[in-house]
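> Before anything else, here's the structure in question.
The values are calculated or read from the model by the stated rules, or taken from the named source; none is laboratory data. Keep in mind the model is a prediction, meaning the values are calculated, not measured. Here the Cβ positions follow ideal geometry from the backbone for every residue, glycine too, while neighbour counts run over all protein chains shown. These accessible areas exclude ligands, DNA and RNA; they are computed on the full protein's heavy atoms, side chains included. Shrake-Rupley method; radii C 1.70, N 1.55, O 1.52, S 1.80 Å.
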Amino acid sequence: MLHTSQLNESVPNRFEQRGSFRVYNPVLQVTLGEHTFGTENWSLNGLLLNGMLPEIALDKDIEGFMNPQGTVERCHFNGRIVRIDLKESQFAIELDGQSREVAAFLPLWVLKYGAIAK
């Protein structure tokens, strides 16, 4: 497993080859333990987050909550870290594709609060 001290540039894996529509609006607020991040963009498959976790590693399993910024709606998710970009201070999470909650909430939030951008 790679750790941030070993990374000095963007380190992608297969997730970055995704063909999913990326959504920029609404911005999602993502809570991982005691840390909160905003999305740069997201899709049904994953989240690109601005900021960095203190102890981050590729392929690390992760669990958290997300909601459209400024709302009280909330969705639990599981996933894993698939990209770390120290230069841009961003990291990507691939969402667990089996979550019915994620599959229901994300499209609803696009309709209620934002628009899809490619």
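> Look at Ile62 and say whether it is over 19 Å from Val27 (Cα atoms), in a strand (DSSP E or B) and touching a residue at least 60 places away in the same chain (Cβ under 8 Å).
no
> May I ask you to say which residue of Glu40, Glu34 is of a type in the set (Asp, Glu), modelled with pLDDT of 95 or more and within 10 Å of the chain's Cα centre (by Cα)?
Result of the check over Glu40, Glu34: Glu40.
> Can you name every residue in the stretch 61-75 that is under 12 Å from the mean Cα position of the chain (by Cα) and not β-branched (Val, Ile, Thr)?
Residues satisfying the conditions are Glu63, Gly64, Phe65, Met66, Asn67.
> For residues that are over 11 Å from Leu44 (Cβ atoms) and surrounded by 20 or more Cβ atoms within 10 Å (Cβ to Cβ), tally how many sit in the stretch 98-108.
Within the stretch 98-108, the subset over 11 Å from Leu44 (Cβ atoms) is 98, 100-101, 108.
Next, from what is left, pick out any that are surrounded by 20 or more Cβ atoms within 10 Å (Cβ to Cβ): none.
Count: 0.
> Taking the stretch 37-59, which residues are open to solvent by 10 Å² or more (accessible area, probe 1.4 Å) and in a loop (DSSP other than H, G, I, E, B)?
Answer for the stretch 37-59, where residues must be open to solvent by 10 Å² or more (accessible area, probe 1.4 Å) and in a loop (DSSP other than H, G, I, E, B): Leu44, Asn45, Gly51, Met52, Leu53, Pro54, Glu55, Leu58, Asp59.
> Can you name every residue in the stretch 16-31 that is surrounded by fewer than 17 Cβ atoms within 10 Å (Cβ to Cβ) and either part of a strand (DSSP E or B) or modelled with pLDDT under 65 (or both)?
Listed by number, the residues that qualify are Glu16, Gln17, Arg18, Gly19, Arg22, Tyr24, Asn25, Thr31.
> In the stretch 70-97, what residues are part of a loop (DSSP other than H, G, I, E, B) and either in contact (Cβ under 8 Å) with a residue 60 or more places away in the chain or within 16 Å of Ser43 (Cβ to Cβ) (or both)?
Once the filter is applied, which keeps residues that are part of a loop (DSSP other than H, G, I, E, B) and either in contact (Cβ under 8 Å) with a residue 60 or more places away in the chain or within 16 Å of Ser43 (Cβ to Cβ) (or both), the stretch 70-97 yields Leu86, Lys87, Glu88, Asp96, Gly97.
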